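The values are calculated or read from the model by the stated rules, or taken from the named source; none is laboratory data. Not measured: the values here are computed from a predicted model. Glycine also receives a Cβ, built like all others from the backbone with ideal geometry; neighbour counts cover every protein chain displayed.
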Amino acid sequence: MNAILTFLKNFADSDKKPIRSAKVAREKFIEKSPELPRATETYNGATVIPRPEHNVSRQQISENALKVVYKLKKEGFDAYLVGGCVRDLLLGREPKDFDVVTNALPEQLSRLFSNCRIIGKRFRLAHIIYGRDIVEVATFRKSGSEKPSEAQRSTREGRILQDNLYGSIDDDVWRRDFTINALYYNIRDFSIVDYVGGMADIQAGLIRLIGDANERFREDPVRMLRAVRFAVKLGFKLHVDCEQAIHLNAHLLASIPAARLHDEVTKLFLSGYGVQTFEMLRHYGLFEVLFPAVEKSLSLETSHFPKMMVINALQNSDKRVEDGKQVTPYFLFAALLYEPMLQRANEKVAKGMLASDAHFSAASEILTQQVRRISLPRHLTLAIREVWNQQEKFEFRVGAKASKLLVHPRFRAAYDFLVLRAQAGSVPMELAEWWTTYQKVSDSERRKMTLPQAQPKSTKPKKKRTYRKKAKTSPVIHSEG
Ligand code: ATP
Ligand code: MG
């Protein structure tokens, strides 16, 4: 028996270091797991995989998460690690966080841990706080198919609003989203409990919903974004039922509160897999619900500039994540929404508005519409507007204007944005290069560079749509498309 069932352990022993590439992790998993582990025990219909037959070791689990589960066990409660951490450990990846689930109620957790804070309305959860590290502990909950009660409320379409009906592990499992996220690591005997075939799906590289796919997406449409996020991050495929259900239910995302979508979209785009995520969201019709104006502008595009710019912006932020640098959502939003803003401004100019007013008004409209769907704090929408406003000023290179621009607090981001536009081909590369040099050289060199005779003949974009000026003083707004 042991000979058949030790593949997961072998896999772990030879790969102590976490693997970043999803593809490599999965290939290694499969290479070392010619057969799935067979249950040596079953528990209420679940497969129990004992410690010698899987690769999750306590050495890979965070010290604080272990403290929490050991304390719960000592106090006589059940305690399991569940969700992404078990999935990631099985795949040889470093988990982002460790989630604990238990039969202790939030009030009991609060009494047990002095460093405990109860949070959440939709789900009451305990946060056990160790400095900057937080271990999230949830009490087992029942699935949404139970008769709604005081503790559980849902909308007419079936979306769950409040869900505090406590249960046992075999209730809890059915309310989780995907089979690969529903594996439990039991601290009592270090076994893994699998009710839903999650082990098989990890091996097959499949994202499969637990239960009826349409129903599960109707209950919580954000699961569609989670499906895409896990598929991209792990290099997994969506099960055909999951794919079909996304095509059918994508529009339901529009009913999700903007603040929740902010969190999900930030995770989707700033986790280092932005380009693939963008393509996959568009493929499944999810992107158009999240960014309607961007989708419209992409479908109207007459050249590849706007899409190139979005892709370049995503590539840059993926690279920053890879290099361990910080990423902020506002730069990405600025890149995504730039073309819709320019298109809107041009419509206004065509109707007779002054270009400068059109620019200002279009920026307001586009940002207001977008934050209704995905919230953005005000300081970020302001930052986006500043980056956009600076673009026109890069054209002025004579006299004191250039040096003024250089000391603007948002100069760096605005310059990066200019480079992005140049790379996409919507402004001449010469302009971006001029600004690159201007930053590097001495003051006396800078003065020389800004003399009228030092200017190149034309810095205008190669190809653009222009509109006739309404007034002599108003600058023309150029669309990138
Ligand atoms: P990661 O933390 O790597 O992003 P995760 O799977 O751990 O992935 P979390 O958001 O931390 O994701 O959630 C922990 C677990 O809670 C999930 O694995 C899943 O079992 C459950 N879960 C989270 N969100 C949902 C949801 N919207 N519907 C059903 N179950 C969910
Ligand atoms: Mg997690």
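Selection over region 312-337 of residues that are surrounded by fewer than 18 Cβ atoms within 10 Å (Cβ to Cβ) and under 24 Å from Ser364 (Cα atoms) gives a count of 1.
Test Ala363 against the criterion of being out of contact with any strand residue (DSSP E or B) (no Cβ under 9 Å at 6 or more places or on another chain) and within 30 Å of Ile246 (Cα to Cα), and give yes or no.
Details: out of contact with any strand residue (DSSP E or B) (no Cβ under 9 Å at 6 or more places or on another chain): yes; within 30 Å of Ile246 (Cα to Cα): no.
When the stated conditions are applied, Ala363 does not pass them.
Of all the numbered requirements in (1) in contact with a Ser or Thr (Cβ under 9 Å, 6 or more places away or on another chain); (2) hydrophobic (A, V, I, L, M, F, W, C); (3) more than 16 Å from ligand 2 (Cβ to nearest atom), Ala46 misses one, and that requirement is (1).
Consider region 379-436 and keep the residues that are among the basic types (Lys, Arg) and within 30 Å of Thr368 (Cβ to Cβ). The one that is surrounded by the most Cβ atoms within 10 Å (Cβ to Cβ) is Arg421. How many residues, within region 341-355, are surrounded by fewer than 16 Cβ atoms within 10 Å (Cβ to Cβ) and not basic (Lys, Arg)? Of the residues in that region, 3 qualify. Within region 240-284, count every residue that is within 16 Å of ligand 1 (Cβ to nearest atom), over 29 Å from Lys325 (Cα atoms), of a type outside the set (Gly, Ala, Ser) and crowded, with 17+ Cβ neighbours inside 10 Å. Residues in region 240-284 being within 16 Å of ligand 1 (Cβ to nearest atom), over 29 Å from Lys325 (Cα atoms), of a type outside the set (Gly, Ala, Ser) and crowded, with 17+ Cβ neighbours inside 10 Å: 6 in total.
Scanning region 236-275 for residues that are part of a helix (DSSP H, G or I) and of a type in the set (D, E, K, R), which turns out nearest to ligand 2 (Cβ to nearest atom)? Restricting to residues being part of a helix (DSSP H, G or I) and of a type in the set (D, E, K, R), the top hit is Lys267.
Table: residues versus (1) within 12 Å of ligand 1 (Cβ to nearest atom); (2) under 17 Å from the mean Cα position of the chain (by Cα).
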residue: Asp194; (1), (2): no, no
residue: Arg208; (1), (2): no, no
residue: Val222; (1), (2): yes, yes
residue: Ala227; (1), (2): yes, yes
residue: Ala231; (1), (2): no, yes
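Scanning region 165-219 for residues that are in a loop (DSSP other than H, G, I, E, B), basic (Lys, Arg) and either farther than 18 Å from Arg51 by Cβ or free of Cβ contacts under 8 Å to residues at least 40 places away in the same chain (or both) yields Arg176, Arg208.
Cβ separations smaller than 7 Å between residues 6+ apart or across chains give the following pairs from region 323-351 residues that are under 17 Å from Gln423 (Cα atoms) to residues that are among the small types (Gly, Ala, Ser) and part of a loop (DSSP other than H, G, I, E, B): Glu339/Gly481. Only residues that are surrounded by fewer than 17 Cβ atoms within 10 Å (Cβ to Cβ) and away from ligand 1 (no atom under 15 Å from the Cβ) were counted across region 52-62, and they come to 4.
Taking the criterion of being near ligand 2 (Cβ under 10 Å from one of its atoms) and either part of a helix (DSSP H, G or I) or surrounded by fewer than 23 Cβ atoms within 10 Å (Cβ to Cβ) (or both), the residues of region 87-125 that qualify are Arg87, Asp88, Pro95, Lys96, Asp97, Asp99. From the list Arg141, Arg93, the lone residue that is in contact (Cβ under 8 Å) with a residue 24 or more places away in the chain and touching a Phe, Trp or Tyr at 6+ places or on another chain (Cβ under 9 Å) is Arg141.
Looking across region 363-382, the residues that are free of Cβ contacts under 8 Å to residues at least 60 places away in the same chain and outside any loop (DSSP other than H, G, I, E, B) come down to Ala363, Ser364, Glu365, Leu367, Thr368, Arg378, His379, Leu380, Thr381, Leu382.
Residue by residue, here is whether (1) within 16 Å of ligand 1 (Cβ to nearest atom); (2) exposed (fewer than 14 other Cβ atoms within 10 Å of the Cβ); (3) of a type in the set (A, V, I, L, M) holds:
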| position | (1), (2), (3) |
| --- | --- |
| Asn64 | yes, no, no |
| Tyr70 | no, yes, no |
| Gly84 | yes, no, no |
| Ile128 | yes, no, yes |
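When Ile374 is tested against (1) modelled with pLDDT under 95; (2) touching a helix residue (DSSP H, G or I) at 6+ places or on another chain (Cβ under 7 Å); (3) surrounded by fewer than 23 Cβ atoms within 10 Å (Cβ to Cβ), only condition (1) is not met. Among the residues of region 161-194, those that are modelled with pLDDT of 95 or more and of a type in the set (Ser, Thr, Tyr) comprise Thr179, Tyr184, Tyr185, Ser191.
Report yes if Ala79 is within 14 Å of ligand 2 (Cβ to nearest atom), crowded, with 18+ Cβ neighbours inside 10 Å and closer than 19 Å to Ile169 by Cβ, otherwise no. Considered against the rule, which asks whether it is within 14 Å of ligand 2 (Cβ to nearest atom), crowded, with 18+ Cβ neighbours inside 10 Å and closer than 19 Å to Ile169 by Cβ, Ala79 comes out as no.
Return yes when Tyr80 is within 26 Å of Arg208 (Cα to Cα), of a type in the set (Phe, Trp, Tyr) and more than 10 Å from ligand 1 (Cβ to nearest atom) and no when it is not.
Numbers: within 26 Å of Arg208 (Cα to Cα): yes; of a type in the set (Phe, Trp, Tyr): yes; more than 10 Å from ligand 1 (Cβ to nearest atom): yes.
Yes, satisfied.
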